[in-house]
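Laboratory data are not the source of any read-out in this text; all were calculated from the coordinates shown. Keep in mind that what you see is a predicted model, and the values were worked out from it rather than measured. Quick reminder, even Gly has a Cβ in these numbers, built from the backbone with ideal geometry, and neighbours come from all protein chains shown.
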Amino acid sequence: MTELESTVDPMPKVTNVPFTRDIRVEDRIVNAAIECFQRSGIDGTSMDTIAKAARMARQTMYRYFPSRHHLAVEVLVREIRDHTRMLTPLLRQYSYPPKAMTEALVQGVVSARRHPSTQIIVSDIGAELMSKVPGSDRAMLDAMSEQWLPTLYRWKEAGYLRPQVKFDELLLWITMFLFISISRGTLLGLNVDMLRQLITNQMLPSLFDLERLKLDFPAEFQ
């Protein structure tokens, strides 16, 4: 039995009692999971350990989250939403769309690299666990949509984005870019300057209608 398998607890049987989800209990479980993940890593954390940290019965925990896999997904989704609250002001701070997108992406990578929970979730073991949860990819993309779609729609209506840009493909690309930059960025030597260079040279020209931007932001092209 591998170390990963040894920490997977069988889900106890749950009776057919009417269940009402309590957000306070859910938050308590997630916060306990984050604490345990940070202390022992996902592979060193069992549901029993999380239950003890949350000071509640395992039976109660399993009503909210069937496994560590589901908890890992929930932790990541909450991290994305935390970044949303932080990055949304950046997307509005810079009136020039390419600058806004560049700074939001770069700061998203920088802040995530510093956050211990994000580092744990994007590790190989974290990715393996999340891959076992049906719909985890959709949950992550939905969380990313909450962050980016309002701004993308605004830029689209203003004519700043190229007509062929598809939001679902762009959101997937942004998610992939952030995931790789956070989990493998150090290995690849992707510092802040290199990230900005990659975004500016490779990404922005394919997204934005530069001729349209020149009309509203002539100073950026001087």
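So, by mean Cβ neighbours within 10 angstrom, what's the order for 58-68, 199-209 with the highest one leading?
My ranking of the peptides, most packed first, is 58-68, 199-209.
Under 22 Å between alpha carbons, and skipping anything fewer than 8 positions from residue 52 in its own chain: which lysines qualify?
Once the sequence-local lysines are set aside, what remains near residue 52 is 13.
Give me the number: length gained by fully extending residue 206 to residue 162, i.e. 0.36 nm times residue separation minus the C-alpha to C-alpha distance, one decimal in nm. Could the numbers behind the result be given before it?
Values: separation 44, 0.36 × 44 = 15.84 nm, distance 0.76 nm.
Residue separation times 0.36 nm, minus the Cα-Cα distance, leaves 15.1 nm.
Run the reach check for residue 214 against lysines, Cα to Cα strictly under 28 Å, same-chain hits fewer than 8 apart removed. What comes back?
Output for residue 214: 99, 156, 166.
Just check the stretch 18-91 against the gyration tensor rule for me: Cα atoms, a ≥ b ≥ c as the square roots of the eigenvalues, rounded for a/c under 1.5, and otherwise prolate or oblate depending on whether a/b exceeds b/c. Intermediate results must be reported in sequence, preceding the final value.
Values: a/c = 2.46, a/b = 1.50, b/c = 1.64.
The shape class here is oblate.
Give the residue list of trypsin sites (Lys or Arg not before Pro) in the stretch 128-186 that are DSSP loop and have at most 14 other beta-carbon atoms within 10 angstrom.
132, 166, 184
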